[in-house]
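Structure record follows, encoded as structure tokens.
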Number of protein chains: 2
Amino acid sequence: MTDRRIQKSNRALLDASFQVLLKNPHASLSEVAKQAEVGRATLYRHFPTRENLIKAIAIESLQLIKNSMTPIVTSDLQGKAAIHRMVKVLLPIADRFHFLQMIWTLVEFDQQVWRLYEEQMATIKCWILQGQRQGVLNPDLAADWIVSVLDSMLYSASWIIANNMMETTQIEQQLLQTLFEGIQSNEA
Amino acid sequence: MTDRRIQKSNRALLDASFQVLLKNPHASLSEVAKQAEVGRATLYRHFPTRENLIKAIAIESLQLIKNSMTPIVTSDLQGKAAIHRMVKVLLPIADRFHFLQMIWTLVEFDQQVWRLYEEQMATIKCWILQGQRQGVLNPDLAADWIVSVLDSMLYSASWIIANNMMETTQIEQQLLQTLFEGIQSNEA
DNA sequence: CCTTTTTGAGACAGTATTGTTTCATATCTT
DNA sequence: AAGATATGAAACAATACTGTCTCAAAAAGG
């Protein structure tokens, strides 16, 4: 039915562009095509404009994030346990967060992308409010602030991983520790 | 001695470019010149290349940060108290951090800029190690991780302030609370 | 007041990128 | 195997931005 060539090119382009634009958001589409081992014309056939390409990556990233989170949503995990689990699940795809954060200022997205984004944020916020009601999370902290911190810590972690400054498992442990208990010494 | 026009144009250009490029790193130099109420030719007379302009903003930002931090360095504050104070001092200029973080991937800086940056980071890292030795900061956390978290939390705060989502004083309090004690409820 | 210097406006060439189109070739589907 | 379709290479126009230059006007300094 569907031509295998199309799928192959599409995949190669999505992977390559993510890889290239993550490193350098200014990269020309020639570079992307080259990295994807695909002709420049083919790139334009698949993604008519640059914005179109970036949007496709954004949607794929958000979809990836969503797919990682739904198992947690459908499970009966709540509050702290849910957040704990979420961090573990999202850390491996933290570079997707990085990408979204990076292009956020460069491209104006349409409703579709925003909806996906808001949806994920709403889910996280919901867990936080739940945790606060249950008394496991500090109710003095604004939910928006906590969401933002979570976001930026994942970003930090992704950056450290990308630069090979620490091992993934160690980062995971340190992130959770810091997020829940802060940087203060336990004994203090 | 020095022509007042030069200083005036220079200041206007530095302010305008920071403002414009913070919003949109892609903005053309025409937009910058327009915002600065200065001719495009004048912009090029002051800053021969785009990179040159961005570098100037980066240096000014780093200098600003440095000037904010030196009073703390020369004081005898240490460990937690020093970090506490630092957060308070840096929060008002968090948008400078935001800017640096934003352009970091877009421009390759020369030694001068790197030195200034490394210098600030080293100072912060020094305080953290000190705090860990004194037992006020969790010694299990990597100093690099803590620096990174600090950085990203300031970024979060700056973003929230920029979007008028919370008041500055409240953010300051929440940032310190989260940084030191995490998001966990005290009673938990 | 007179000289020097900066400025703004505009024209200008150079360059890079975008996006389109064509056509022969290779690869798929049936 | 045969027809349909995606692809690569290349040429192409259009655009946008960069960086340079000139010149008259404005503003500074002594």
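We did not get these values from a lab; they are worked out from the coordinates using the rules stated. On a predicted model such as this, the values are computed, not experimentally measured, just so you know. Counting neighbours? That spans all protein chains shown, and the Cβs are built from the backbone with ideal geometry, glycine included.
The figures follow:
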read-out	value
Summed side-chain charge close to residue B:166 - residues other than residue B:166 whose Cβ falls under 12 Å, Lys, Arg +1, Asp, Glu -1	-3
³J(HN,Hα), Karplus 6.51/-1.76/1.60, whole Hz, each residue of the stretch A:157-168, x for Gly, Pro	4, 5, 5, 5, 5, 4, 9, 6, 8, 8, 7, 4
Whether the protein assembly as shown is rounded, prolate or oblate, judged on the alpha carbon gyration tensor where a/c under 1.5 counts as rounded	oblate
Size of charge dipole - the protein assembly as shown - debye, nearest 20, with Cβ of Lys, Arg +1 and Asp, Glu -1, no other charges	1140
Calculated from backbone phi, Karplus (6.51, -1.76, 1.60) coupling profile of the stretch B:128-141 in Hz, x at Gly/Pro	5, 4, 4, x, 6, 4, 7, x, 8, 10, 4, x, 6, 8
Where only alpha carbons of the stretch B:1-146 are counted, the Rg and the Dmax (Å)	18.2, 57
Degrees, to the nearest 10: B:4-23 long Cα axis against longest axis of chain B	60
222 nm mean residue ellipticity, helices alone, for the protein assembly as shown (DSSP H n ≥ 4; -39,500 (n - 2.57); rounded to 500)	-24000 deg cm²/dmol
Other-chain or far-sequence residues with amide H under 5 Å of residue B:137's (modelled H)	A:185, B:132
Using a 7 Å Cα-to-Cβ projection, residue A:92 label spacings across copies, nm, ascending	4.7
For a label point 7 Å along the Cα-to-beta-carbon line of residue B:114, residues of the stretch A:23-60 with backbone N under 19 Å	A:24
Cα-Cα over 19 Å, subset of A:88/A:125; A:125/B:88; A:34/A:66; A:8/A:34	A:125/B:88; A:34/A:66
Gaussian network model of chain A, Cα within-10 Å springs - most flexible of A:105, A:123, A:70	A:105
Rounded, prolate or oblate (a/c below 1.5 giving rounded, otherwise prolate when a/b exceeds b/c) for the stretch A:1-48 by Cα gyration tensor	prolate
For residue B:169, inter-copy label distances in nm, listed shortest first [label point 7 Å out on the Cα-Cβ vector]	4.8
Cα-based convex hull volume of the stretch B:65-186 per residue, rounded to whole Å³	119
Under Karplus coefficients 6.51, -1.76 and 1.60, residue-wise ³J(HN,Hα) of the stretch A:62-68 in Hz, glycine/proline x	5, 5, 4, 5, 4, 4, 6
Burial order of peptide ranges A:143-153, A:8-18 (average beta-carbon count within 10 Å, highest first)	A:143-153, A:8-18
